[in-house]
Amino acid sequence: MQRPPRFYCGIDWADRLNDAAVIDAHGTTVHHLRIAASPDGLRELFTLLSGLLAGHQHSRKQVPIAIETNGGLLVQALRARGQTVFQIPPSDMARFRAYRSVTRKKADRSDAELLARLLRDKWGELQPLPATSPVAEAITVLARAQYRSQLLREQLQAKLRRLLHQVHPTALIAWEGRDFGLRRLEARTVLEAGPTAEAAARLTQYRLSKILAPVRLRLVDDEAYRLRDLFAQPVLRLPREIEKATAVEVRALLNQFNHACNTTDQLTTELTDAFLQHPHASIYLSFPGCGPLGGARLLAELGDDPRRFATARGLRAYAGIAPLTWSSGNSSQVAHRYVCNRRLKAVCHQWAFCSLTRSPGARARYDQRRAAGDTYAGALRRVSTRLLTGLHHCLTAGAHFEEHLAFPRARQPE
């Protein structure tokens, strides 16, 4: 679709009925209809688009569609049937509405027309939704579900810590300094048996050994003795009635925390298994600091459409790593890029941090930028710039990561 099309379609999506408007190249509204997100509604839309011109040279696929979302049943059905779909951010739509109307009035029908006009005015500047494979889209769904579940797990862990700090502070130091802290399965199992200071003090070494045996592989008796001695220390306690009520609250919150931990682990397993079956998995895993979970999150945000990012510079800008230059007259300012894919930006930050201990070139690049005065985050952005550039090249060429090509100026340790 290099040449401008003769018709443009805009859809203002809603929960039930979606308003669709078609305009021609001159901006004149040709048709308007309301459709449901159903097979009948889709068939009605395609009939309208196919009948815009009589002749065999016209096809409904020649009419691009603008919509404010990139997901949902309607968008997926349009893309599955070969329709070109453009996503218009709601912020751009709000600015265009204010530009076109002084009163900034809003209606579903007029919004559908505005979407079509915006697509016509910015034709050549916008990119359609990438042609991502169903396997990659499934990985995207799992990655974002896993990320939301992980955030919920962290929130519940923080709530549990605050509650235990008020009623059972000894439990906070029982697993302090150990991996995962209260997320450890043994910690959650012990807290289920002793949610308050009084209940924990009544746990004997024998009882603790029986509790720890199913969830711990080694040094079960030593850990039981350690916890018994720790819980037996004198501490301040709440009145008996309040402590009983608090035990109910701790167990209720602990059940939610256990469910969040189990769900996150299950989603992580599903996500990594799906990622390892993707053809690009070996390329992602060849990079230092990129494991199955990090690679899955990268693939989820980048997709597998080879035409999505024509240059590595565009990929860096999409990830929010490339700086933004403001220049006017004699003044010029280089600022941080805030309009970006924040999920991808967070993954790149973690990826660059993990690569410092696995790549001599990444470590040398980080130390060089820190010595030059960059902040911690700024130096990591420089490292992730090299990594993303190398990833773009490897995905384009179908090659694996090579240290001497990604960091050619880095001195290798003797």
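A short reminder: the numbers here are calculations on the coordinates, not readings from a lab. This structure is a prediction, so every number in the text was calculated from the model and none was measured. Positions of Cβ are backbone-derived with ideal geometry, glycine not excepted, and every protein chain shown enters the neighbour counts.
Quick notes on this one:
- Lysine pair count for the chain with Cα-Cα distance under 25 Å and sequence separation of 8 or more or different chains is 5.
- Rel. contact order, % - alpha carbon contacts under 8 angstrom, at least six apart, the chain: 12 percent
- Point-charge dipole on Cβ atoms (K/R +1, D/E -1) for the stretch 7-129, about Cα centre, debye to 20: 120 debye
- In range of the label at A346: residues from the stretch 135-171 whose backbone nitrogen is under 14 Å from the point 7 Å along Cα→Cβ: 143-156
- Between 0 and 90°, nearest 10: helix 360-371 axis offset from the chain longest Cα axis: 90 degrees
- The C-alpha radius of gyration of the chain, expressed as a fraction of 2.2 N^0.38 Å, stands at 1.30.
- Derived value for the stretch 282-414: Kirkwood hydrodynamic radius 15.3 Å. Basis is the mean of 1/r over every pair of different alpha-carbon atoms.
- Extension gain, S286 back to R34 (0.36 nm per residue minus Cα-Cα distance, nm): 85.8 nm
- For the stretch 7-129, the convex hull drawn through the C-alpha positions has a volume of 104 cubic angstrom per residue.
- Dipole of the chain [Lys/Arg +1, Asp/Glu -1 at C-beta], most positive-end residue of L114, A197, I35: L114
- Considering only alpha-carbon pairs that sit under 8 angstrom and 6 or more positions apart, the relative contact order computed for the stretch 30-146 is 20 percent.
- Extension gain for H259 to R148 (0.36 nm times residue separation, less C-alpha to C-alpha distance): 38.6 nm.
- Using R0 = 56 Å, the C-beta based FRET efficiency linking L53 and D273 works out to 0.70.
- For H31, nonlocal amide neighbours, meaning residues 5 or more places apart or on other chains whose placed amide H falls under 5 Å from its own, are V22.
- Kirkwood Rh in Å, taken over the stretch 138-274 so that all alpha-carbon pairs contribute: 15.9 Å
- Taking amide H positions as modeled 1.01 Å from N, with prolines and chain starts lacking one, the residues under 5 Å from A66 and 5 or more places away or on another chain are C9, G10, I11, F86.
- A straight line joining the Cα centroids of the stretch 255-332 and the stretch 362-414 runs 17 Å.
- Of all DSSP beta bridges in the chain, antiparallel share, percent nearest 5: 75 percent
- Alpha-carbon centroids, the stretch 104-179 and the stretch 1-22: separation in whole Å: 27 Å
- Selected from G303, H393, V334, residue furthest toward positive end of dipole (the stretch 287-406; charges at beta carbon): V334
- In the chain, a dipole from Cβ-located charges (positive for Lys and Arg, negative for Asp and Glu) runs towards its positive end, and of I139, H349, Y225 it is H349 whose Cα lies farthest in that direction.
- When +1 charges are put on Lys and Arg Cβ atoms and -1 charges on Asp and Glu Cβ atoms, the dipole computed for the chain relative to its Cα centre reaches about 820 debye.
- Distant-in-sequence amide H partners of A36 (H built 1.01 Å from N, under 5 Å): N18, G41
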